[in-house]
Amino acid sequence: MQTMHALETNTTIGKAHRGRIPIMIRTLGFGTFLLPLTVFMLLVFCVPLLGVARASFYTNGTWTLSAYREFVSGALFHRALINTLSIGFMTGLISVICGYFVAYHLSRMPQRKRRLYIILVMLPFWTSILVKSFAFTVLLGTNGIINQALQAISGTNVVVPMIFNRAGVIIGMAHWLIPFSVLPILSSLLSQDKALRDAAEVMGATGMQVFWKVTFPLSLPGVLASGLMASVIGMGSFVTPSLLGGRQDLMMANLVDFYVREALDWRMASAIAVVLILLALLILSTAAFVRTRLSR
Amino acid sequence: MTSKLTLHGVSKRYGPVTALHPTDLEVREGEFVTLLGPSGSGKSTLLKIIAGMELPTEGRIIINGRDATEMPVRERDLGMVFQNYALMPHLTVFDNVAFPLKIRKTATEEIRRKVHDALKTVQLEHLKDRKPQALSGGQQQRVSIARAIVYNPSLVLMDEPLGALDKKLREQLQFEIKELHDRLGITILYVTHDQQEAMSMSDRVALMNGGRIEQIGTPRQLYFTPETAFAADFLGSSNFIDATVTARTSERTVCRLSSGEEIAAPSREGFSEGQKVRLMVRPEHISLLGQAVSADRNVLKGVTTGTTFFGESAEIRARLAAGSEIAIRIPNDYSLPEAEPGAPLHLEWDVRQTHVFA
Amino acid sequence: MKKVDQSRFLTSTRRQVLSGMGAGLLAAPFVLSASKAGAADPVVMVTFGGSFADVVQKVIVDPFTKETGIAVTIANGPDLAKAKAQVQTGNLEWDVLDGSGGPLLNAAAEGLFEELDTKIIKTSDLVARATPHCMPFLIYAGGIAYDPKRTMSPAKTFADLWDDQKHPGKIGLRTRVSETLELALLADGVSPANLYPLDVDRAFAALDKVKPRVAKWIDQTPQTISLLTAGEIDYSYTYNGRVATAKKEGLSVDFSTDQALLLTQYYSVLKGSKRREQAMRYIEFACRPDIQANLAKAYASVPVRPGVLETLPDDVRAVLPSPTDPKMVLVKEEFWADKFLQLDRRFKEWLLT
Amino acid sequence: MNTLHQSAKATSRLGRPISASVLIAWLVYLFLIVPSLIVVPMSFGTSNELVFPPQQWGLDLYAKALDPAQGWLSAGGRSFVLGLIATGLALMMGVPAAYGLSRTNFFGQKALSFMLLSPIFAPTIVVALALYLYFATLHINGSMLGLVMGHAVIITPFLVVTTLSGLKHLDRNIENAAMVMGATQLQVFFRVVLPAIKGPVLSGSLFAFLLSFDEVIVSWFIARSDQPTLPVKMYSSIQWEVSPVLAAISTFLVFITVIVSLVSAFAQPENTDGF
């Protein structure tokens, strides 16, 4: 009875049937909606990426695994891989935490006010990272505003290193990625049924309990999505680490950039790119797996 | 009268799960037919198949004489009213009602006239420039009804249209829909889980259970001659008493209760002596104090266990000597004595109102 | 020498058909503005943007066009990857490329450039050496910059810089392996005359000593000045031209002329250029003594033709590092041509540990 | 009793845990805007080097930024046009695709939606390299066509995501109703779905436009070096020096955006179901 009911309410147009002409026509109907973008992505994204994959195996007229062999054996690549993963993870985490507070705050205000606040969130987009990196130096440097303030308050010569190290990279990246992470969380918060929170309150839950027992669990898909997005975008950036990072913050994208533009070794660049993409795929599919496990 | 909708052996399976067993159904022109059943009984599946949102696994659907089994939704010439109104939030009331006409490229002047008439029918002309969100639930559903009839479809499907409304509005709209149906002669296939709604509005009711039509007939037929215990139980209230068949004549089936008392029922095919059966009698058919006991009436002894006062009627619950609980619904009347718990009762009812189920 | 990788990006026939189809399909609504440039079109010279491009326009390009009638367009962003793709696909946007250091010679080894036409360009008689594909047209100095207001007794040589007892302070060095290894060896006491071939192990050992004091390994050139003026570092390895510009803007920066690396900037002609001859003439023009003298005046660069330096007024010469000064070291790009990639890898790994 | 209960709850809503979260939200806003705010005074300096705070004040940098000969205006115009065309293309492909994805459930649909969204997750430098090599074989590097397609690849998935979230909130029976009333699938899409998800589609387009306007890496590879987009011109200009003109341009953009967003925020009616 239960399952039947579920089926009855969940099934909709064009589900589950294959091999019957009208359904094919119907799917084709939706296919016309999907077709332009699918063709476009195949031609302008997939084929080029396959080209990159091919370039990583094919050089000077022969097929070779040399680039991958070099990757596996080179300490440089191992370090870059570890950096990429840990910076990507930290960036995703911090962006999501900061993004959550902002999204939560935004979700509790009237729509018009929210539009104004979203301008604040989007503002970083308009200031070039190149100028921003200077602004961060002014703000976070050893002689920067924050350190001077700290010294004035504490009366000591304490200097908190916040730039040209891992912290600098993560701060810079989070600054760029927080807007990305706010939007999915906000949309999942806004789509929540307010009645659920009210119900929890009626049942005697405090504000904190309502948040942790209702709001937060319901927003988890949005949190996961935005965290993944921020992490993976973070993993692919290279301008921020080169401007704000320290010597140990070389990432795989920096290597791609180097091998493409300076070394002109596109075989190696492509191989690193392929590893980077596979890494992203691995993370995404793990997350998808975990999510389906959790929802069961 | 011509048939507006005919189903021949329509069924639906999702892999191993059968949502709808092969089903036949006919809706004649101008008829008001209701699919009644609890959730999961297959009525929504059936409606979706008729509307074309699902394809049947087997069977054929004939709408207005044309085989519509594999016809796209839009060509089936149907009107539909949904539980959540399904009005387009970006269009005004007028434009919502005009939508199907515009789709049909009706002339502007004709659209204006038809929409005007339809809105007049549902008494909402004065709100034609509002957006649906600005209307109450009842008003929104009226707009939705106007939209479903404005283009004279062969058949109007109504999927629990009153489910989201409160009781009072529900009753009012029941009346309005019925009145609309009678006045305009439209053919309606209505889906609900509310038996009272089904009984009060329909020409015929198809009672669904477990993915099949359990019984189909006029509300009267379903009420007075339910063919299954489910039908008896779902429509109206009922008391069930376990018994064993002791004798069968051409006129009567006689059953014995565990207390030894005997109950007679009209004779029905398919029962043999010694068979365990369930007897059913509706609470409102039982009366308390005997007129002269005749052969046409069954009599049982019991003990009062409680009374509930309903205003126009009262319900007395009793424990039979045979052990089962039974409810008696009687019209209120000042002469009715207060039945104290524990007081002995004599129950009696007409033999013809006794139903026997396997 | 490696040959240009003639294997196009997508070679298999099916792919070509596919990509051809794709191009047709996708390009259909647009009008393709493919450059069908001929010999009569302007020579496109790609160089760095900003104030440097202004100088080149005024000092080299304008007089060249005036004299020869050959128009030259300046493009921004000399990117070797773009050059490589242009050469590989035969779809040239640029004719002359301005570049320097190991990556350029590495690109030359990949076969991206035309051989210099010695009938047009005089490749002998130069302060810095020409390679078969790269013609030096400008020499600039890389050395120590500091803020004279903050640092009273600054380190003026690389050896000084390494001495954190006498000259403490935070340092900014480049993420470039060339230049960095040279300055490390000089700091370690190798005499300029014996610098090449570089003793790589010794260079890394010397870098180990200074590693803790390097506050920022700078990837983007502008940070060599901005970090110094913001007080994030006390000494910056940067370039005389950059310091001169900053000083002109009133910033408190000084460049030590006591010791510096002399670095060469080259012009190369992209392989397959339809304006090869005009391009060669442009390069020769840029290296003409009078133009070199004007460049030196406008940009504080060292002329590449011998003898030009001596003709310059004293006030200009005063700020120029002299190639004849024994403390100056002319970076030998030939050393880097085949070792760049390998040493860069080692340097990157060293940075990471 | 009831009102008492409610008033007690109101104070608990304003109580400590919630206000701490608001405080943190404000700190994040501050973090997001402070770098832009630091850039503002730098843009009113007169020096050709980035200095904070400027030693002299003036509008020289703005004069320079707006001087047509400097090319900033034309680069800005190019970025604007590119952003519009790319966003338009993204709209034309992305919105129908999102609709198709949300209303079907066929074999391989998950894989298809992953494919359509994957540019979000592919490192930009990889996309840039791939497109650059690919476009080179198609001979469309350096053309507006190449730029538009490159940008469309990057921004369309974001538009698909926002559109999908809008579609999730759309009562599917509205579409069923339209179909029962005789609308074709195209009519349903254009006359029912599209108007109903206008809000999310608009905010998604704005986001997509921003991404395109800000995009530097792919454009750096694809744009003709004498016809740079604004971010590319900024990026190539720092190879030589960080011109404080960038500060003026950034400030100018921030100013324009704030004005435009303020106007649009007040012009738009409430409840269009967007953000």
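Please pick out the residue among B:GLY79, B:GLY42 that is on the phi > 0 side of the Ramachandran plot, crowded, with 17+ Cβ neighbours inside 10 Å and out of contact with any His (no Cβ under 6 Å at 6 or more places or on another chain).
Values: B:GLY79 fails: on the phi > 0 side of the Ramachandran plot.
Being on the phi > 0 side of the Ramachandran plot, crowded, with 17+ Cβ neighbours inside 10 Å and out of contact with any His (no Cβ under 6 Å at 6 or more places or on another chain) holds for just one of B:GLY79, B:GLY42, which is B:GLY42.
What is the residue count in segment B:45-62 for residues that are on the phi > 0 side of the Ramachandran plot and open to solvent by 10 Å² or more (accessible area, probe 1.4 Å)? Give the steps one after another, and end with the answer.
Looking only at segment B:45-62, we keep the residues that are on the phi > 0 side of the Ramachandran plot, and these are B:52, B:59.
Cutting the leftovers down to open to solvent by 10 Å² or more (accessible area, probe 1.4 Å) gives us B:59.
Looking only at that region, the number is 1.
Check C:ASP325, C:ASP338, C:ASP315 and return the single one that is modelled with pLDDT under 90, closer than 21 Å to C:LYS58 by Cβ and of a type in the set (Asp, Glu).
C:ASP315
Could you grab me the full set of residues in segment C:82-112 that are within 7 Å of another protein chain (Cβ to nearest Cβ) and of a type in the set (Gly, Ala, Ser)?
C:ALA85, C:ALA107
What are the residue pairs meeting all of these: first residue in segment B:112-138, first residue within 14 Å of chain D (Cβ to nearest Cβ), second residue of a type in the set (Lys, Arg) and open to solvent by less than 100 Å² (accessible area, probe 1.4 Å), Cβ atoms under 8 Å, and 6 or more apart or on different chains?
B:VAL115/B:LYS128; B:ALA118/B:ARG147
Just to confirm my filter: which helices (runs of 4 or more DSSP H) fall fully inside segment C:104-219 and include at least 3 residues that are farther than 26 Å from C:VAL308 by Cα, open to solvent by less than 30 Å² (accessible area, probe 1.4 Å) and not assigned by TED's automatic domain parsing to the domain that holds C:VAL302?
Working: elements: C:158-162, C:177-187, C:200-210.
Helices (runs of 4 or more DSSP H) meeting the threshold: C:177-187, C:200-210.
Could you run through segment B:197-241 and say how many residues are among the hydroxyl-bearing types (Ser, Thr, Tyr), farther than 28 Å from B:VAL17 by Cβ and not in a helix (DSSP H, G or I)?
Step one: list which residues in segment B:197-241 are among the hydroxyl-bearing types (Ser, Thr, Tyr), which gives B:200, B:202, B:218, B:223, B:225, B:228, B:237-238.
With farther than 28 Å from B:VAL17 by Cβ added as a condition, the list becomes B:200, B:202, B:218, B:223, B:225, B:237-238.
So of that shortlist, the ones also not in a helix (DSSP H, G or I) come out as B:202, B:218, B:225, B:237-238.
Selection size over segment B:197-241: 5.
Of all residues in segment A:250-272, how many are open to solvent by 10 Å² or more (accessible area, probe 1.4 Å) and more than 10 Å from chain D (Cβ to nearest Cβ)?
Narrowing segment A:250-272 to residues open to solvent by 10 Å² or more (accessible area, probe 1.4 Å): A:250, A:254, A:257-259, A:261-262, A:265-267.
Still in the list and also more than 10 Å from chain D (Cβ to nearest Cβ): A:250, A:258, A:262, A:265, A:267.
Here the count works out to 5.
Could you check segment A:181-220 and list, in sequence order, the residues that are more than 8 Å from chain D (Cβ to nearest Cβ) and open to solvent by 60 Å² or more (accessible area, probe 1.4 Å)?
A:ASP193, A:LYS194, A:LEU196, A:VAL202, A:MET203, A:GLN209, A:TRP212, A:LYS213, A:LEU218, A:LEU220
For the condition of a type outside the set (Val, Ile, Thr) and within 15 Å of the chain's Cα centre (by Cα), what is the one hit in D:SER79, D:SER74, D:SER113, D:SER102? It would help to see each step written out before you state the result.
Values: D:SER74 fails: within 15 Å of the chain's Cα centre (by Cα); D:SER113 fails: within 15 Å of the chain's Cα centre (by Cα); D:SER102 fails: within 15 Å of the chain's Cα centre (by Cα).
After applying the criteria, what remains is D:SER79.
From the list B:LEU157, B:LEU173, B:LEU119, B:LEU165, which residue is in contact with a Gly (Cβ under 8 Å, 6 or more places away or on another chain), outside any loop (DSSP other than H, G, I, E, B) and over 23 Å from B:GLY52 (Cβ atoms)? Full working, then the answer.
Details: B:LEU157 fails: over 23 Å from B:GLY52 (Cβ atoms); B:LEU119 fails: in contact with a Gly (Cβ under 8 Å, 6 or more places away or on another chain); B:LEU165 fails: outside any loop (DSSP other than H, G, I, E, B).
Of B:LEU157, B:LEU173, B:LEU119, B:LEU165, the one residue that is in contact with a Gly (Cβ under 8 Å, 6 or more places away or on another chain), outside any loop (DSSP other than H, G, I, E, B) and over 23 Å from B:GLY52 (Cβ atoms) is B:LEU173.
Any residue at all in segment B:87-104 that is of a type in the set (Phe, Trp, Tyr), in contact (Cβ under 8 Å) with a residue 24 or more places away in the chain, within 12 Å of chain D (Cβ to nearest Cβ) and on the phi > 0 side of the Ramachandran plot? Explain how you work it out, then say what you get.
Applying the first criterion (of a type in the set (Phe, Trp, Tyr)) to segment B:87-104 yields B:94, B:99.
From the residues that got through so far, the ones that are in contact (Cβ under 8 Å) with a residue 24 or more places away in the chain too are B:94, B:99.
Of the ones still in play, those that are also within 12 Å of chain D (Cβ to nearest Cβ) are B:99.
Next, only the ones that are on the phi > 0 side of the Ramachandran plot stay: none.
Within segment B:87-104, none of the residues are of a type in the set (Phe, Trp, Tyr), in contact (Cβ under 8 Å) with a residue 24 or more places away in the chain, within 12 Å of chain D (Cβ to nearest Cβ) and on the phi > 0 side of the Ramachandran plot.
Filter segment C:229-285 down to residues that are of a type in the set (D, E, K, R) and under 25 Å from D:ASN48 (Cα atoms), then give me how many there are.
The first filter runs over segment C:229-285 and keeps only residues of a type in the set (D, E, K, R), leaving C:232, C:234, C:242, C:247-249, C:254, C:258, C:271, C:274-277, C:281, C:284.
Adding the requirement that they be under 25 Å from D:ASN48 (Cα atoms) leaves C:232, C:234, C:242, C:247-249, C:254.
Residues in segment C:229-285 being of a type in the set (D, E, K, R) and under 25 Å from D:ASN48 (Cα atoms): 7 in total.
For segment D:140-148, does any single residue satisfy the condition of being within 14 Å of chain B (Cβ to nearest Cβ) and open to solvent by less than 10 Å² (accessible area, probe 1.4 Å)? Before you say what the answer is, go through the steps one by one.
Applying the first criterion (within 14 Å of chain B (Cβ to nearest Cβ)) to segment D:140-148 yields none.
No, every residue in segment D:140-148 fails to be within 14 Å of chain B (Cβ to nearest Cβ) and open to solvent by less than 10 Å² (accessible area, probe 1.4 Å).
Quick check: is even one residue across segment D:126-137 over 18 Å from C:ALA81 (Cβ atoms), at pLDDT 85 or above and among the hydroxyl-bearing types (Ser, Thr, Tyr)? I'd like the intermediate steps shown before the answer.
Filtering segment D:126-137 for residues over 18 Å from C:ALA81 (Cβ atoms) gives none.
No, segment D:126-137 has no match at all.
Here is a yes/no grid of residues against (1) among the hydroxyl-bearing types (Ser, Thr, Tyr); (2) open to solvent by 70 Å² or more (accessible area, probe 1.4 Å):
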| residue | (1), (2) |
| --- | --- |
| B:ALA264 | no, no |
| B:GLU269 | no, yes |
| B:ARG278 | no, yes |
| B:GLU284 | no, yes |
| B:LEU288 | no, no |
| B:ARG297 | no, no |
| B:THR304 | yes, no |
| B:GLU312 | no, yes |
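Anything in segment B:27-48 that is more than 12 Å from B:ASP159 (Cα to Cα) and within 14 Å of chain A (Cβ to nearest Cβ)? List them, or say none.
B:GLY37, B:PRO38, B:SER39, B:GLY40, B:SER41, B:GLY42
Matching residues to (1) facing another protein chain (nearest Cβ under 8 Å); (2) open to solvent by 60 Å² or more (accessible area, probe 1.4 Å):
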{"residue": "A:ARG115", "(1), (2)": "yes, no"}
{"residue": "A:PHE125", "(1), (2)": "yes, no"}
{"residue": "A:ALA149", "(1), (2)": "no, no"}
{"residue": "A:ILE153", "(1), (2)": "no, yes"}
{"residue": "A:PRO161", "(1), (2)": "no, yes"}
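Residue check: is C:TYR266 away from chain A (no Cβ under 14 Å), open to solvent by less than 10 Å² (accessible area, probe 1.4 Å) and either in contact (Cβ under 8 Å) with a residue 40 or more places away in the chain or part of a loop (DSSP other than H, G, I, E, B) (or both)? Can you show your working first?
On the way: away from chain A (no Cβ under 14 Å): yes; open to solvent by less than 10 Å² (accessible area, probe 1.4 Å): yes; either in contact (Cβ under 8 Å) with a residue 40 or more places away in the chain or part of a loop (DSSP other than H, G, I, E, B) (or both): yes.
Yes, satisfied.
Go through D:LEU91, D:LEU61, D:LEU84 for me and flag whichever is outside any loop (DSSP other than H, G, I, E, B), open to solvent by less than 20 Å² (accessible area, probe 1.4 Å) and more than 7 Å from chain A (Cβ to nearest Cβ). Spell out how you get there, then give the answer.
Values: D:LEU91 fails: open to solvent by less than 20 Å² (accessible area, probe 1.4 Å); D:LEU84 fails: open to solvent by less than 20 Å² (accessible area, probe 1.4 Å).
Residue meeting the stated conditions: D:LEU61.
Of the numbered conditions (1) open to solvent by 10 Å² or more (accessible area, probe 1.4 Å); (2) touching a residue at least 12 places away in the same chain (Cβ under 8 Å); (3) more than 9 Å from chain A (Cβ to nearest Cβ), C:LYS247 fails exactly one; give the number of that condition.
For C:LYS247, the exception is condition (2).
Kindly provide the set of residues from segment B:72-83 that are under 17 Å from B:VAL156 (Cβ atoms) and either facing chain D (nearest Cβ under 8 Å) or at pLDDT below 90 (or both), ordered by number. Before you say what the answer is, go through the steps one by one.
Just the residues of segment B:72-83 that are under 17 Å from B:VAL156 (Cβ atoms), to begin with: B:73-83.
Hits for segment B:72-83 are B:VAL73, B:ARG74, B:GLU75, B:ARG76, B:ASP77, B:LEU78, B:GLY79, B:MET80, B:PHE82, B:GLN83.
Go through the residues of segment D:104-115 one by one and say whether even a single one is more than 10 Å from chain A (Cβ to nearest Cβ), at positive phi and out of contact with any Asp or Glu (no Cβ under 9 Å at 6 or more places or on another chain).
From segment D:104-115, those more than 10 Å from chain A (Cβ to nearest Cβ) are D:108, D:111; that's our starting set.
Now drop any that are not at positive phi, which leaves D:108.
Filter once more, keeping what is out of contact with any Asp or Glu (no Cβ under 9 Å at 6 or more places or on another chain): D:108.
Checked segment D:104-115: at least one residue is more than 10 Å from chain A (Cβ to nearest Cβ), at positive phi and out of contact with any Asp or Glu (no Cβ under 9 Å at 6 or more places or on another chain).
I'm trying to understand the selection: among the residues of segment C:276-303, which are open to solvent by less than 50 Å² (accessible area, probe 1.4 Å), assigned to a loop (DSSP other than H, G, I, E, B) and out of contact with any helix residue (DSSP H, G or I) (no Cβ under 6 Å at 6 or more places or on another chain)?
C:CYS287
Identify the residue in segment A:162-191 that is free of Cβ contacts under 8 Å to residues at least 60 places away in the same chain and over 15 Å from the mean Cα position of the chain (by Cα) and, among all such residues, is farthest from D:ILE155 (Cα to Cα).
If we take residues in segment A:162-191 being free of Cβ contacts under 8 Å to residues at least 60 places away in the same chain and over 15 Å from the mean Cα position of the chain (by Cα), then A:MET162 is farthest from D:ILE155 (Cα to Cα).
Condition first: touching a residue at least 40 places away in the same chain (Cβ under 8 Å), crowded, with 20+ Cβ neighbours inside 10 Å, under 29 Å from B:THR23 (Cα atoms) and over 11 Å from the mean Cα position of the chain (by Cα). Can you find one or more residues in segment B:188-196 that meet it?
Yes: one or more hits.
The values are calculated or read from the model by the stated rules, or taken from the named source; none is laboratory data. As the structure is a prediction and not an experimental result, all values here were calculated from the model. Backbone-built Cβ (ideal geometry, glycine too); neighbour counts: all protein chains shown. Please note that ligands, DNA and RNA were not included when accessible areas were found on the heavy atoms of the full protein model with its side chains. Shrake-Rupley method; radii C 1.70, N 1.55, O 1.52, S 1.80 Å.
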